[in-house]
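The values are calculated or read from the model by the stated rules, or taken from the named source; none is laboratory data. Since this is a predicted model, take the numbers as computed values, not measurements. Surface accessibility is based on the protein's heavy atoms, side chains included, excluding ligands, DNA and RNA. Shrake-Rupley method; radii C 1.70, N 1.55, O 1.52, S 1.80 Å.
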Amino acid sequence: MSYVIFGRAIKNEYLTLGTLFATGTAVFASMGGKKDASAANKPLAERVSEAVPIKAGSSEEEELMNSIKNFLAEAEKEGGGSSHH
């Protein structure tokens, strides 16, 4: 079977191969880019605090943020400080 695209008959095999090639190219392109080696060595809590600066608007929010920071610090200690996958 074939489909007519732009006035030409295109076989299913070629459409399948084109789709697979385009998908593979998109995955390869999304994996590229410069990797920051220093970011991988930082603890999770430090990377999060750098990426998402949070300003508390009230004392309750500040307490919540402090408890989250403490939780992350404890989790980092228990996990051995290594989060490599």
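If you go through segment 1-23 and keep only what is aromatic (Phe, Trp, Tyr) and not in a helix (DSSP H, G or I), you end up with TYR3, PHE6. For segment 53-75, residues that are at pLDDT below 80 and open to solvent by 80 Å² or more (accessible area, probe 1.4 Å) total 3.
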